[in-house]
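**Student:** I am attaching a structure below and will ask some questions about it afterwards.
Quick note: the coordinates plus some simple rules give every number you see, no bench work behind them. Everything quoted here is computed from the prediction, not taken from an experiment. Here Cβ is always computed from backbone atoms with ideal geometry, including for glycine, and neighbour counts include all displayed protein chains.
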Amino acid sequence: EEVRVFCPATIANISCGFDVLGLALDSVGDEMVVRKTIKKGVFITKIDGQNLPLQTEKNAAGVAGLALLEKSNYPGGFEIEIYKKIKPGSGIGSSAASSAGAVWAMDYLLGHPFTKTELVTFAMEGERLASEVAHADNVAPALFGDFTLVRSYTPLDIVPIKAPEELYATIIHPQIEVKTSDSRKILKTTLSMETAIKQWGNVGGLIAGLLQNDYELIGRSLEDHIVEPIRSILIPGFDKVKKASLEAGALGAGISGSGPSIFALCRGRDNAENVARTMKEVYVNIGVEHDIHVS
Ligand code: HSE
């Protein structure tokens, strides 16, 4: 018995929601084939497209799968083939796609014994392996779809939010690799009340904008006063790309997850394509190798 799953790429943080907000892309992601085995354990039998470890304990999908098996009374195991299209270290949830895909497929093959929130806790173990912190802002949208808010980590409380119909994301990926663990170490651990007030105003604004299909409000809320000023220094041409995307009509733009990818949210596919062209032009002009997606 086997299942083939699409494992979506995700944009974590979405500017103002560090570690709590994320969204799933519907046309960028990995594929994975998962099969039941008689032998107990999780076995990664193939990884196509990237050079990643096959050892279960060193692979995000493997670790997430083991976390699920530990909480299950199923006596057998699973083998996993991963067809990797998301580049690790690109900022669009590569490890999350693997972790979420594996646990989703296993739960499916076992007849859905777990809730989605339980699957998120298993997938978070894959994130712990990949980034040293078990953050849920990529795995939650990968499992729930659309947008998610991690309202609380203890206890884990995930709030799914439907994406407005006309919302598109453009993502440009400069060809450098940024490890999430490294880009977390440079962050400050304290902030002023003044900064916090601006930030939670935007988080509330973004959620309200999504629920009310208020594209202008979504755009006004895509600001990050905490993380972007620090991390953007690691990203070639960040300010230029962001400025160009806003001039081309994007609702807002920021760092995708821990970078280096830059995302823009747009109203309508035409605008998203236009923003993609403008972002690309900036990188062509300053000579940065890149790839680009509209989703
Ligand atoms: N919230 C995490 C971070 C996402 O920004 O470090 C990593 O993809």
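**Student:** Within segment 58-72, does at least one residue satisfy the condition of being within 13 Å of the ligand (Cβ to nearest atom) and either buried (at least 18 other Cβ atoms within 10 Å of the Cβ) or not basic (K, R) (or both)?
**Tutor:** Looking for residues that are within 13 Å of the ligand (Cβ to nearest atom) and either buried (at least 18 other Cβ atoms within 10 Å of the Cβ) or not basic (K, R) (or both), one finds at least one in segment 58-72, hence yes.
**Student:** Within segment 189-235, work out how many residues are within 16 Å of the ligand (Cβ to nearest atom), part of a helix (DSSP H, G or I) and either of a type outside the set (A, V, I, L, M) or in contact with a strand residue (DSSP E or B) (Cβ under 8 Å, 6 or more places away or on another chain) (or both).
**Tutor:** 8
**Student:** Also, I was wondering about something else. Please enumerate the residues belonging to segment 122-151 that are surrounded by 22 or more Cβ atoms within 10 Å (Cβ to Cβ), among the polar types (S, T, N, Q) and farther than 19 Å from L211 by Cβ.
**Tutor:** N138
**Student:** Report, ordered by the first and then the second residue, all pairs with beta carbons closer than 6 Å, sequence separation of six or more or different chains, a first member in segment 6-18 that is farther than 11 Å from S295 by Cα and assigned to a strand (DSSP E or B), and a second member that is of a type in the set (D, E) and near the ligand (Cβ under 8 Å from one of its atoms).
**Tutor:** Correct list of pairs: A12/D137.
**Student:** Among residues belonging to segment 236-251 that are of a type outside the set (F, W, Y), within 25 Å of E289 (Cβ to Cβ) and touching a helix residue (DSSP H, G or I) at 6+ places or on another chain (Cβ under 6 Å), point out the one that is farthest from the ligand (Cβ to nearest atom).
**Tutor:** If we take residues in segment 236-251 being of a type outside the set (F, W, Y), within 25 Å of E289 (Cβ to Cβ) and touching a helix residue (DSSP H, G or I) at 6+ places or on another chain (Cβ under 6 Å), then A248 is farthest from the ligand (Cβ to nearest atom).
**Student:** May I pose another question? Which one of G237, G249 is in contact with a Cys (Cβ under 9 Å, 6 or more places away or on another chain) and at positive phi?
**Tutor:** On inspection, the qualifying residue turns out to be G249.
**Student:** If you don't mind, there's one more thing I want to ask. Which one of the conditions (1) assigned to a helix (DSSP H, G or I); (2) out of contact with any Cys (no Cβ under 7 Å at 6 or more places or on another chain); (3) surrounded by 17 or more Cβ atoms within 10 Å (Cβ to Cβ) does A100 fail to meet, given that it meets all the rest?
**Tutor:** The one condition A100 does not meet is (2).
**Student:** Based on this model, can you work out whether L25 counts as touching a Pro at 6+ places or on another chain (Cβ under 6 Å) and surrounded by 15 or more Cβ atoms within 10 Å (Cβ to Cβ)?
**Tutor:** yes
**Student:** Considering only residues that are part of a loop (DSSP other than H, G, I, E, B) and either surrounded by 23 or more Cβ atoms within 10 Å (Cβ to Cβ) or free of Cβ contacts under 8 Å to residues at least 12 places away in the same chain (or both), which ones fall in segment 236-254?
**Tutor:** Those that are part of a loop (DSSP other than H, G, I, E, B) and either surrounded by 23 or more Cβ atoms within 10 Å (Cβ to Cβ) or free of Cβ contacts under 8 Å to residues at least 12 places away in the same chain (or both): A250, L251.
**Student:** If you scan segment 119-137, which residues turn out to be more than 14 Å from A102 (Cα to Cα) and either touching a strand residue (DSSP E or B) at 6+ places or on another chain (Cβ under 6 Å) or aliphatic (A, V, I, L, M) (or both)?
**Tutor:** L129, A130, V133, A134, A136, D137
**Student:** Looking at segment 114-162 only, could you name the residues that are among the basic types (K, R), closer than 18 Å to G257 by Cα and in a helix (DSSP H, G or I)?
**Tutor:** Within segment 114-162, R128 is the sole residue that qualifies.
**Student:** Out of segment 11-22, which residues are surrounded by 24 or more Cβ atoms within 10 Å (Cβ to Cβ), within 8 Å of the ligand (Cβ to nearest atom) and either of a type in the set (A, V, I, L, M, F, W, C) or farther than 22 Å from T195 by Cβ (or both)?
**Tutor:** Selection gives A12 alone.
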